[in-house]
Amino acid sequence: MQDFLTERNIKYRKDVSFKKISFLKLGGICPLVVYPRSESEFSAALLKARGLRVKFKVVGRMSNILPPDGIFAGVLISTSLMNHISAEGTLVRAECGCSLPALSSYLAKNSLSATEELSGIPASVGGAIYMNAGAYGREICDVLSSVRVFDMNASVFRELHKNELDFSYRHSVFQDSEMYVASAAFDTRRLPSGAIYEKISKLSAKRRANQPLTLPSLGSVFKRSNGISAAALIDECGLKGYCIGGAAISEKHAGFIVNRGGATAADYRKIVEIAKAAVFDSFGVKLEEEIEYL
């Protein structure tokens with residue numbers, strides 16, 4: 001794989017610490033991380049990894065992924081260098097590695113409204129589309145027009161309308177297929193920058209007041225269950241502040257598991273299982289993770 005990347009001049013790094021690239025600031029080592037800078041490099045890396053039968057995972061900002069403690073037996077393909085944004089009128093296209101905060105800032109600066117509610121989600125555009133991320137009553141599918149994907153089975157790029165992507169609560173077609181987000185087009189509307197910034201500021205203040213943003217976390221760990229907040233159920237079980245090693249259920253928001261320092265992935269997983277068991281024993285509700293395990 002490395003010889004191929006060198007020949008193609010595709011950027012990569014060896015023996016990368018997950019503590020440096022994970023939002024949780026924990027984990028072991030990834031032997032190889034590939035950093036494509038264009039669609040052609042992205043598709044080439046994907047096809048080569050599959051051709052070599054190497055285990056691989058496409059990642060954005062790793063804001064919703066729990067890495068392993070040991071050595072990851074595979075390759076990460078990071079989209080962090082694919083972050084270009086462009087606009088044609090009110091239709092804005094962002095590459096898969098662009099962060100939602102960066103996209104929101106671009107839109108606000110250009111007097112375009114669409115993603116204010118999503119502006120505090122630290123995910124990349126690709127990762128947010130993959131899980132249909134949402135906040136404050138808005139999901140990313142609500143503001144999408146189309147998505148440019150790389151279809152591994154056909155080895156081609158396609159532009160798919162959002163109605164073709166099987167969006168539902170924290171779900172998209174990308175979770176069940178070999179298609180990968182390359183970029184996305186967003187429908188926006190003209191609005192004064194001041195009004196957009198004001199809305200973002202109010203939502204940011206609300207987020208700071210209710211979420212433990214000063215400690216590393218993966219955001220909300222669990223999906224809502226039949227409209228019921230997982231955080232409320234965990235709180236009812238008296239688990240706020242519960243800790244194992246350096247990982248703890250946040251005292252500020254029971255839906256977050258934070259790294260208070262020195263946490264391991266094993267600590268995090270144990271707390272997840274304890275929270276699930278407690279909620280099931282108390283309420284008969286089976287919590288389902290929103291996060292992913294690498």
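Key figures for this structure:
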quantity	calculated
Residue under evaluation residue 103, criteria (1) hydrophobic (A, V, I, L, M, F, W, C); (2) without any contact (Cβ under 8 Å) to a residue 60 or more places away in the chain; (3) assigned to a helix (DSSP H, G or I), criterion not met	(2)
All positions within segment 28-73 that are in contact (Cβ under 8 Å) with a residue 60 or more places away in the chain and polar (S, T, N, Q)	43, 63, 64
Some residue of segment 248-259 being at pLDDT 95 or above, charged (D, E, K, R) and outside any loop (DSSP other than H, G, I, E, B)	no
Residue match in segment 172-179 (condition: assigned to a loop (DSSP other than H, G, I, E, B) and over 22 Å from residue 62 (Cβ atoms))	no
Only one of 78, 124, 177 that is in contact with a strand residue (DSSP E or B) (Cβ under 9 Å, 6 or more places away or on another chain), within 25 Å of residue 48 (Cα to Cα), free of Cβ contacts under 8 Å to residues at least 12 places away in the same chain and not aromatic (Phe, Trp, Tyr)	177
Verdict on residue 10 being closer than 29 Å to residue 263 by Cα and not charged (D, E, K, R)	no
Tally, over segment 194-209, of residues that are surrounded by 12 or more Cβ atoms within 10 Å (Cβ to Cβ) and either farther than 26 Å from residue 19 by Cβ or assigned by TED's automatic domain parsing to the domain that holds residue 61 (or both)	10
Which listed residue is of a type outside the set (Asp, Glu), in a loop (DSSP other than H, G, I, E, B) and modelled with pLDDT of 95 or more, from 76, 24, 47	24
Scope segment 221-247; condition more than 16 Å from residue 289 (Cβ to Cβ), assigned to a loop (DSSP other than H, G, I, E, B) and charged (D, E, K, R); matching residues	240
Any chance residue 215 is in contact (Cβ under 8 Å) with a residue 40 or more places away in the chain, in a loop (DSSP other than H, G, I, E, B), of a type outside the set (S, T, N, Q) and out of contact with any Phe, Trp or Tyr (no Cβ under 8 Å at 6 or more places or on another chain)	yes
Sole residue being under 28 Å from residue 208 (Cα atoms) and either of a type outside the set (Gly, Ala, Ser) or crowded, with 20+ Cβ neighbours inside 10 Å (or both), chosen from 136, 180	136
Close pairs from segment 241-254: first closer than 15 Å to residue 220 by Cβ and outside the structural domain of residue 26 (by TED's automatic domain parsing), partner assigned to a strand (DSSP E or B) and at pLDDT 95 or above, Cβ under 6 Å, at least 6 apart	249/257; 250/256; 250/258
Some residue of segment 205-218 being closer than 15 Å to residue 279 by Cα and among the small types (Gly, Ala, Ser)	no
Residue list for segment 107-159, filter: acidic (Asp, Glu), more than 13 Å from residue 188 (Cβ to Cβ) and not in a strand (DSSP E or B)	117
Residue match in segment 163-175 (condition: crowded, with 16+ Cβ neighbours inside 10 Å, within 20 Å of the chain's Cα centre (by Cα), assigned by TED's automatic domain parsing to the domain that holds residue 96 and small (Gly, Ala, Ser))	yes
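Matching residues to (1) buried (at least 23 other Cβ atoms within 10 Å of the Cβ); (2) touching a strand residue (DSSP E or B) at 6+ places or on another chain (Cβ under 6 Å); (3) of a type in the set (Val, Ile, Thr):
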position: 55; (1), (2), (3): no, no, no
position: 66; (1), (2), (3): yes, yes, no
position: 82; (1), (2), (3): yes, yes, no
position: 86; (1), (2), (3): no, yes, no
position: 89; (1), (2), (3): no, no, no
position: 92; (1), (2), (3): yes, yes, yes
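The values are calculated or read from the model by the stated rules, or taken from the named source; none is laboratory data. This one's a predicted model, so the numbers in the text were calculated from it and none came from an experiment. Because the Cβ atoms are built from the backbone with ideal geometry, glycine has one as well, and the counts that use them run over all protein chains shown.
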